[in-house]
Amino acid sequence: MTSAPSPSVLDLAPVVPVVVLDDLADAVPLARALVAGGLPAIEVTLRTPVALDAIRAIAAEVPDAVVGAGTVITPEQVEATVAAGARFLVSPGWTDTLLDAMRASGVPFLPGVSTTSEVVALLERGVREMKFFPAEAAGGTAYLKALAAPLPQARFCPTGGIGADSAPEYLALPNVGCVGGTWMLPKDALAGRDWARVEALARAAAGLSAGARCR
């Protein structure tokens, strides 16, 4: 008997907040604010010492959140984050070793790409869903539009330099399933633990994506 396939990362939510946490105490209230605002898929990046514990806390205490791990670059991180409760994985780039580890993890994953050759190499390995990073620096919407014709089977989550103003342009593209960003997590709001403001910005981001799809 085969198990049901894991859901696509690109279908979890149209906008995925990319979270960098310095204080573990902020993990749960921040996640609750994002979920309340309509953004349940949360990428916690492995850029700080508390990241792994933050993933564990969100997984345990915010049941409506779909917490994932970002900036995953080693097989050891794949194993540790999945053990902590990560339900999806995101990497800024990929190697065969990392790709094998992510595939073996049993959870959805998005390997990072920024060139056509990297996209073709992943398609050759049976991977059709990818992170496009750094999106703005690597060519933005114009680059993704150019990829759509020769490589229509590839779908992307662009991340890097995307804000509230540019997100609708990305979300309107046929080969974009979601975007990642930090604009709903302004530094002053996090420093002041203004979770109500984070929730309001998350709600605006969730509504923004719906509007982009209806163009």
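The table that follows gives values for the structure above.
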{"item": "Count - residues of region 1-45 that are within 25 Å of V176 (Cβ to Cβ), at pLDDT 95 or above and in contact with a strand residue (DSSP E or B) (Cβ under 7 Å, 6 or more places away or on another chain)", "result": "15"}
{"item": "From the options A206, A172, residue that is in contact (Cβ under 8 Å) with a residue 40 or more places away in the chain and more than 16 Å from the chain's Cα centre (by Cα)", "result": "A172"}
{"item": "Criterion (more than 14 Å from the chain's Cα centre (by Cα) and under 20 Å from F133 (Cα atoms)) met by exactly one of E118, E61, E76", "result": "E118"}
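The values are calculated or read from the model by the stated rules, or taken from the named source; none is laboratory data. Keep in mind it's a predicted model, so treat the numbers as computed, not measured. Glycine gets a Cβ as well: all are built from the backbone with ideal geometry, and neighbour counts include every protein chain shown.
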